[in-house]
1. So if R0 is 22 Å, what FRET efficiency would A185 and E121 give, r being the distance between their Cβ atoms, rounded to the nearest 0.05?
2. Residue farthest toward the positive end of the dipole of region 240-282, with Cβ of Lys/Arg at +1 and Asp/Glu at -1: which of A271, L256, L243?
3. Note the full-extension length gain between V61 and A225 as 0.36 nm times their separation in residues minus their Cα-Cα distance, in nm to one decimal.
4. What are the ³J(HN,Hα) values, in whole Hz, obtained from phi via the Karplus relation 6.51 cos²θ - 1.76 cosθ + 1.60 with θ = phi - 60°, for each residue of region 224-230 in sequence order, with x given for Gly and Pro?
5. Based on the Cβ-Cβ distance from I176 to S50, what FRET efficiency comes out when R0 is 51 Å, to the nearest 0.05?
6. Put F36, F27 in order of accessible area, largest first, 1.4 Å probe: what do you get?
7. With every protein chain left in place, what is the accessible area of V266 in Å² (1.4 Å probe, nearest 10)?
8. Which value, in Å² rounded to 10, gives the accessible area of Y216 with a 1.4 Å probe and all protein chains present?
Amino acid sequence: MFGYRVPAPDEAMLISGGRRGLGGAPFRVVTGHGKFVLPVFRKTRFLTLSMCEAEVTETCVTKQGIALHVRAVIAFKVGNDTESIINAGQRFLSDQDQMSVLTGRIFAGHLRSIIGSMTVEEIVTERQKLAAEVLDTSKTEMAKIGLIVDSLQIQSIDDGDTGYIDAMSAPHKAAIQRQAQIAQAQATQASVEAQQVAARNQAEYARQTAIVQAEYSAEVDRAQAQAAQAGPLAQAHAQQEVLAAQTELAQRAAQLRQQQLVAEVVKPAEAEAERIKVLAIADAERMKIQAEAAASHDRVALDRMLIDQLPLIVKEAAGGLAGANVNVLNGADGLGEIAAGLVAQGLTILDSVRQNLGGQNAESGAAKANGPLELQGYSRTPVDVDGDEPKGA
């Protein structure tokens, strides 16, 4: 838009004309936003707020009177506050490159002052302390011109041809060299020890290899010797097995012949003897059975004959009572007892005859042929039922 101006992010816009700025400044400060500026009546200028660099190379004399060539780099910029912008604008707006020149001069002065109060040893060993002191002493002066320092770096310190710094560093160099030599010696010793260990390991490996080779050679010799003996041993074992097989075959042939003889001679003889024995036993058993059968047949025949004669015996016994004078005392019961007595007497006679004739088979056969058996010793004498002798006996 016509008359509207906007500063860059790293710039401050200074508007002159019209009313005055803060603190009676001849311009107003605008940062971070735009502003409408009337043409002809107002004038705008821009002040950089970006980082600037100043390099200082100065010869400074130390507390010991030794001249040192010091090279430093300062990083600075215009402060972001309105007061710093007004101070820097009033001093450097028309020639902003003068900020680096003036800053270098300011720091050169402070650097000579600080180094003059320190020794070479302090300067060399405490560079950060040197930079901090230079910043502290220059801060107030830099603030007056609207600048702030971000960093100060001491890049190099050189004593020229005096050789002080080299002499100062000699003990350290010697110590470092000594440490380097010690380290080198230790490394050499470690290398030698490693080589010795490697040599011992190689020797041990060679010894073990030789032992293994010797064992292998001995094993090969044993195998060859065993292989050389294997043929005769195998032949001897084979012959021994053949003899053992022949012996076993002969034993089996003898056993077979013995079994044949037993089968051809002994077994038939034993079978014949057994047959004769069995025939004899059978014949004796047959004769015994025949005898027992004959005796049984005669006994049965005798018993049958006696049974057949029993009624006759009873009859004969009863006939003896025919002419007897019998007194019956108890009536019908008495007659029953008389009959029962006659039967019992007949059975007793029959049993006696059987015992007397049990072993006489031939006589029993003759008795059968002769008809009824005659009872000897039997008396027909009348018997009194009461057991008394008959009258007129």
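The values are calculated or read from the model by the stated rules, or taken from the named source; none is laboratory data. On a predicted model such as this, the values are computed, not experimentally measured, just so you know. Cβ sites come from the backbone with ideal geometry, for glycine too, and all protein chains shown count toward neighbours. Ligands, DNA and RNA are stripped out before the accessible areas are found, and what is left, the full protein with its side chains, is counted by its heavy atoms. Shrake-Rupley method; radii C 1.70, N 1.55, O 1.52, S 1.80 Å.
1. The calculated FRET efficiency here is 0.10.
2. Going by the Cα projections, it comes out as A271.
3. 49.1 nm
4. 5, 5, 5, 5, 5, 7, 5
5. With a Förster radius of 51 Å, E is 0.70.
6. Descending accessible area places them as F36, F27.
7. Looks like 60 Å² after rounding.
8. The accessible area comes out at roughly 150 Å².
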